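J.: I am attaching a structure below and will ask some questions about it afterwards.
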Amino acid sequence: MEPERKVPSSDGDGMQRPQFGRRFLADARHVFQHNAWDHVEWTPAQEEDARRKVEEQAEEKLSVELQELYDDEASEFWNGFYKIHENRFFKDRNWLFTEFPELRGGSISHDVGASCEAGFDHTAVPKEPLKRPSVQNTFHDCSNFPGSSTTLRIMEVGCGVGNTVFPILQTNSDREVFVYCCDFSSTAVDLVKAHPDYDPKRCHAFVHDLCTNAPYPMPCRSLDIIILIFVLSSINPDKVLAAVKRLTRLLRPGGLLLFRDYGRYDMAQLRFKKGRCIADNFYARGDGTRVYFFLPGMNGLPCTVFILWT
């Protein structure tokens, strides 16, 4: 296999992997250089085969009792996952800053109506834009909350053991960047706090369930960036839109919501056997954690895209 081609870094710190939008498969012999390619179209036969496999999986759905169990005890299943794997399962995301260069601490425009950056996926914009409801701030004193004195505030939802959080802190060590990170697994949050690079002056980790109305430890319209990486797929798809709406209340005008998740007919989906399906394209893994596979567009959130909320 030929070595992976690199592209120059925008900040002169070396060479990076090509971003999505620049990965074109010109030679089928190089298909394994990346785990994803741009503009590679399936044949009708391949797509039909995948569709048929998914339909077969859905023929045998889990019982209502088990579906309710996986929903009610979701945090406990993830606690169990992290107790077994601790910080050994996930690796730091080397693609993080090539796919989301905004996390390098660059300036974010907070002007209402700010324009999208090049490469924005306009298919991700709903026909009826999400509206921020008028809500009260979660803090009585909105001038004094963790990270209130910093100039750039980032929050990762579903932070796991910190494989995104700590690379952000390390990359922005010379900048005033404050990172909030939450997970509904208390075990995961404890592992983040136990990390040698965890510094309460620069980071605030807390337990939070994305699907509830529980308050966040910062006021509305105070965050510059919110990150969701393989998180929305882990919750009931019926709750996704409401969860995203709650999060957008925390963004400043012009703030960014960055996310990446599983796409429909991913190999991870096609490997599921009968008896693991909860609902269409929604599955329970053997350890009790769940995963949904999205379609592009707002009928299923895009697999890899960032949205500029104005």
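J.: Could you tell me which of the residues V177, V165 is within 17 Å of the chain's Cα centre (by Cα) and either at pLDDT 90 or above or open to solvent by 50 Å² or more (accessible area, probe 1.4 Å) (or both)?
T.: Result of the check over V177, V165: V165.
J.: Right, here's the next one. Count, please, the residues in the range 271-310 that happen to be closer than 12 Å to P237 by Cβ, at pLDDT 90 or above and crowded, with 19+ Cβ neighbours inside 10 Å.
T.: The total comes to 9.
J.: If you don't mind, there's one more thing I want to ask. Is it the case, given these coordinates, that A194 is in contact with a Cys (Cβ under 7 Å, 6 or more places away or on another chain) and free of Cβ contacts under 8 Å to residues at least 60 places away in the same chain?
T.: In short, no.
J.: Only one of these is open to solvent by less than 80 Å² (accessible area, probe 1.4 Å), touching a helix residue (DSSP H, G or I) at 6+ places or on another chain (Cβ under 9 Å) and either assigned to a loop (DSSP other than H, G, I, E, B) or at pLDDT 75 or above (or both): Y70, Y82. Name it.
T.: Matching residue, one of Y70, Y82: Y70.
J.: Please work out which one of (1) open to solvent by 20 Å² or more (accessible area, probe 1.4 Å); (2) modelled with pLDDT of 90 or more is the condition A268 fails and give its number.
T.: Condition (2) is where A268 drops out.
J.: Quick check on the range 43-67: of everything there that is closer than 13 Å to R264 by Cα and touching a residue at least 60 places away in the same chain (Cβ under 8 Å), which residue is most open to solvent (accessible area, probe 1.4 Å)?
T.: E47
The values are calculated or read from the model by the stated rules, or taken from the named source; none is laboratory data. Since we're looking at a predicted model, the values are computed, not measured. We place every Cβ from the backbone using ideal geometry, glycine too, and count neighbours over all the protein chains shown. For the accessible areas, the whole protein counts, side chains as well, though only heavy atoms, and no ligand, DNA or RNA atoms are used. Shrake-Rupley method; radii C 1.70, N 1.55, O 1.52, S 1.80 Å.
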